[in-house]
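Working notes for the structure below.
The values are calculated or read from the model by the stated rules, or taken from the named source; none is laboratory data. Everything quoted here is computed from the prediction, not taken from an experiment. FYI the Cβ positions are ideal-geometry reconstructions off the backbone, even for glycines, and counts take in every protein chain you see. Calculation scope for accessible area: heavy atoms of the full protein, side chains included, ligands and nucleic acids excluded. Shrake-Rupley method; radii C 1.70, N 1.55, O 1.52, S 1.80 Å.
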Amino acid sequence: MSAGADPTLQAADLRLRQLAFGAAAVVVAVIAGLTIGPVGIGAHRVVLELADALPGLAFDSGLSDAHAAIVREIRLPRVALGLLVGATLSMSGATYQAAFRNPLADPYLLGIAAGAGLGATIAITANVGDGAGALDPVPLAAFAGGLVAVTVSYAAGHLGGRSTASLILAGIAVASFLTACQTYVLQANSDAFRRIIAWILGRIATSGWSEPALMLPYFVLTAAIVMRYRRALDVLAVGDEEAAALGLNPRRVRLVVVLAASLAAAAAVSVSGLIGFVGIIVPHTVRLAFGASNRVVLPLSVLFGGAFMVLADLAARTVLSPAELPIGVVTAFLGAPFFVLVLRTSRREIW
């Protein structure tokens, strides 16, 4: 930055370019997700088919009824769900990292994964029936389990003095306990082992538009809350005492954003299972590439997170075609080496 330059204007100008990069990543990922598969469909035909679906527009994509149904009824809902899940997990990860001032924090820090896993395991082993969308008992049980885990973690953390360290330790303890409970239930119901493991490894699967419709309200609500506090999260980066001296209430801000991020992560886990590393890979990459300000990291994490999940799901369903690889395996292949990079760069105090 040159001397005398207005940093606010420069940041805003840079942010527009960054948002353009993020939007371009989403467009590329969506087109790839709609065109690549067992049945290859030309990208220009996909674009025309999508344009034809818009109100007031009429285009001839040249696709047969069968191919048009593949795009609109099979691939498009799956891509939409991938965008929502990836955006939600990435946003949650970025929020956790900002709230706890730790680049290694992820959406599962307070036991959401363990709680959701236990809830889903109980629902699967109880064989309570197979619904769809909002009536499916497994996502409902996973969502409830995730929220219970976060609630217990927060309550236990307050017993330790309301510090971020005590909250993180409480989350670890709660996650360990719930994981032990899940293991016990799993061992007692080994006949459901394959189905439970398939859920734990994660998947982006849809039966139409019910799953994206179920996920969308949670994403919109939590994203609105988190984005509203993105400037406050930048203030938190200087430390709680300094933030309080600037007129901010650190505990209230942290409570609001962590609860919102936890609700978002619980909703994502309930419809997709446990997909790891997304909340670390995407926000950290955005932070390294575009700077540490949450005014930039949070919105870009939403865009790049959605694009990343769509591409990861594309790899999951094509690498071993016609078989499908659990998407959690794909993200783990990418995330494990990346986690080592995060450990190395975090020592350099990139924040």
*Select from 80, 61, 50 the residue farthest towards the positive end of the dipole of region 47-94; place +1 on Cβ of Lys and Arg, -1 on Cβ of Asp and Glu, and compute about the Cα centre.*
80
*Pairs of Cα atoms under 8 Å, at least six residues apart: use those to get the relative contact order of region 220-351, whole percent.*
25 percent
*asked:* Between residue 21 and residue 238, what's the calculated FRET efficiency when r is the beta-carbon distance and R0 is 25 Å? Round to 0.05.
replied: 0.35
_Which one, 277, 199, 259, projects farthest toward the positive side of the charge dipole computed for region 187-333 from Cβ point charges (K/R +1, D/E -1)?_
259
*With every protein chain present, what is the per residue accessible area of region 139-194 (1.4 Å probe, Å²)?*
57 Å²
*How large is the dipole of the chain about the Cα centre if only Lys and Arg carry +1 and Asp and Glu carry -1, each at its Cβ, rounded to the nearest 20 debye?*
760 debye
*Just tell me, in residue order, which DSSP H segments of the chain are both 20 angstrom or longer along the helix axis (alpha-carbon based) and at least 0.0 in mean Kyte-Doolittle hydropathy.*
7-35, 76-100, 112-126, 137-159, 164-188, 210-228, 250-272, 294-318, 327-346
*asked:* In Å², and per residue, what accessible area does region 284-348 have when probed at 1.4 Å with the other protein chains present?
replied: 45 Å²
*asked:* What is the percent carbon and sulfur in the accessible area of the chain, measuring with a 1.4 Å probe over the protein chains and ignoring ligands?
replied: 66 percent
